[in-house]
Amino acid sequence: MSNVSSGPGEAGADSLQERARQSGHVHFPIVHDGAARAFVFALVPNFSMHSFSAAVEPLRIANQLTGKALYHWQTRSLDGQPVMASNGLSLSSDGSFGDLPRDGILLACSGDNAEALTPQPLADWMRASWRRGHVVGGLCTGAYALQKAGILQGHEFTLHWECQAVFEEKYPGLALRPSAFVDDGRIITSAGGVASTDLMLHLIERDFGRALRAAVADMCLQLHVRSPQDMQRSLTSKAFGLQNPKLSRAIDYLEENLDAELDIEEWADSLQISRRQLERMFVRHTGLSPKKFATNLRLERAYSLLIGTEMTLVQVADAAGLAQGNFNALFKRRFGVSPRDLTRQTGQAVPPRTVVQRDTQT
C-alpha cells in the first residue's frame, strides 16, 4: 500500500506549507496582512484523490504566487488515521473530526459508495459547524455527507453527474443542480475532478480579486475557468460529439422526459420536423432508430439506479420509463446480465455501453 503524507501532524503541515509559500519563480504582489483562511478536508474512505488535489493545489499556488499565507489547509479523518483513496493511495490525517479553526471551511471529500461510507460523526460535525456559522461543503460526492447532516433542504448544491440520477431518486425535492460547482452562501459544493479547481478559483476571486484568480488559473494550466452557471458536463448530445443542432435538441428533449411515455409524433413536433425526418436523422447520425436510442438511454438510467440505490426492480423500471413486461429481456440483451443478477454482483458489473453504440436491431 502506498502512502501520501500531508505532513507530520498540524505543525509539520504548517512547516511544509511555509516552505511551499517561499518557493517558485513567478510572483504576484498583493497587500494582505490578515490571517490565513483555513480549509479542513474531511476524508471519507474511498475518496477521490483527483478531487482533493484539484482543490488543494490552487490554495498552495495562491500562497506561492503572493509569497503570503493566504490559505491554510489540513486533513481530518474519523479516527485520525490515514484514509485510503479510491486509487489505492493512503493520505495521512492531521487529526480526527472535532473543532474547526476560526472562520474555517469544512469540506467532505468522498468518492464511490459515499452514502454507505460516510460516517455519522462526520455528518454530525458538519451540521454542528454549519449551525455555528461555518461554511461547509462537499467535493465530488460530498453532498451525501450534507444530506446525512440534514442541511440541504432549501439550498442549491451539486455532486458528480454519475450519481445525480440516483441521488434525485432517493432524495426528491432538493435543489440539486447539474453545475460544475455551486456557491450557496454557507454551503459550497463541487462535482469533483477539475470542478474542484473551478470552485477554489471562484473562492480566490471572491477573497482577493479576479487578477489573482487568473494568475492561479494560469499556473494550474486551467485554460477555461467555469462559473457557477456552467454545466459540469455536456448533455448527451454534445458528449457524443454530435454537431447537428436539431439532433442535439432532440436528445435534450429525450433526457428531460426520460421517465415519461415517449410519443414519437410529439417528439418530432417539438422540433418542428416530421416523424420521418426524425427517424432519418437518428439513423444517419447514431445508427439507431429514435425508439432504440431512447430505449438504450433508459436502460443506462436503469443500470445506474440498480447499482446505486436499493430501489426494487419495479421502481427502477418505472423511474427509467421502461415497461415492466420486457424490462428484464431488454436489460439482459444490452448488458449481458439480468437486472436481478446485477444487483447481486454489483462489484463485478461491467460499465454500460454508450447509447450510440450500434446494436443488431435498430
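Side notes on the structure shown:
- Taking the longest Cα principal axis of the chain as reference, the axis of helix 290-308 is set at about 40 degrees.
- All-pairs Cα distance distribution in region 236-348, expressed in whole percent, bin size 10 Å: 13, 43, 30, 13, 1
- Computed [θ] at 222 nm, helices only, for the chain once each DSSP H run of length n ≥ 4 contributes -39500 (n - 2.57): -14000 deg cm²/dmol
- Farthest positive-ward along region 236-348 dipole, Cα basis, beta-carbon charges - from Gly336, Leu313, Pro245: Gly336
- Residues Thr158, Thr295, ranked from the fewest to the most other C-beta atoms within 10 Å, line up as Thr295, Thr158.
- Working ranking of peptides 60-70, 270-280, 181-191 by packing, defined as the average number of other Cβ atoms within 10 Å per residue, highest first, is 181-191, 60-70, 270-280.
- Peptide packing for 213-226, 139-152 was compared via the average number of neighbouring C-beta atoms within 10 Å per residue; ordered from the highest value, the list is 139-152, 213-226.
- Antiparallel %, DSSP beta bridges [both residues in region 112-249], to 5: 45
- Fewest-first ordering of Ser51, Ser248, Ser227 by other beta carbons within 10 Å of each residue's beta carbon gives Ser227, Ser248, Ser51.
- Remark on region 2-219: ratio of C-alpha radius of gyration to 2.2 N^0.38 Å is 0.96.
- Within the same chain, lysines fewer than 8 places from Lys246 are excluded, and of the rest, those with a Cα less than 30 Å from its Cα are Lys238, Lys291, Lys292.
- Order of Val194, Val316 - criterion: other Cβ atoms within 10 Å of each residue's Cβ, fewest first: Val194, Val316
- The charge dipole of the chain, taken about its Cα centre with unit charges on the Cβ of Lys, Arg, Asp and Glu (plus for the first two, minus for the last two), comes to roughly 780 debye.
- Cβ-based charge dipole, the chain, positive-most Cα from Ala149, Ala215, Gly104: Ala215
Laboratory data are not the source of any read-out in this text; all were calculated from the coordinates shown. Being a predicted model, the structure only gives us computed values, none of them experimental. Positions of Cβ are generated from backbone atoms using ideal geometry, with glycine treated the same way; all protein chains shown enter the neighbour counts.
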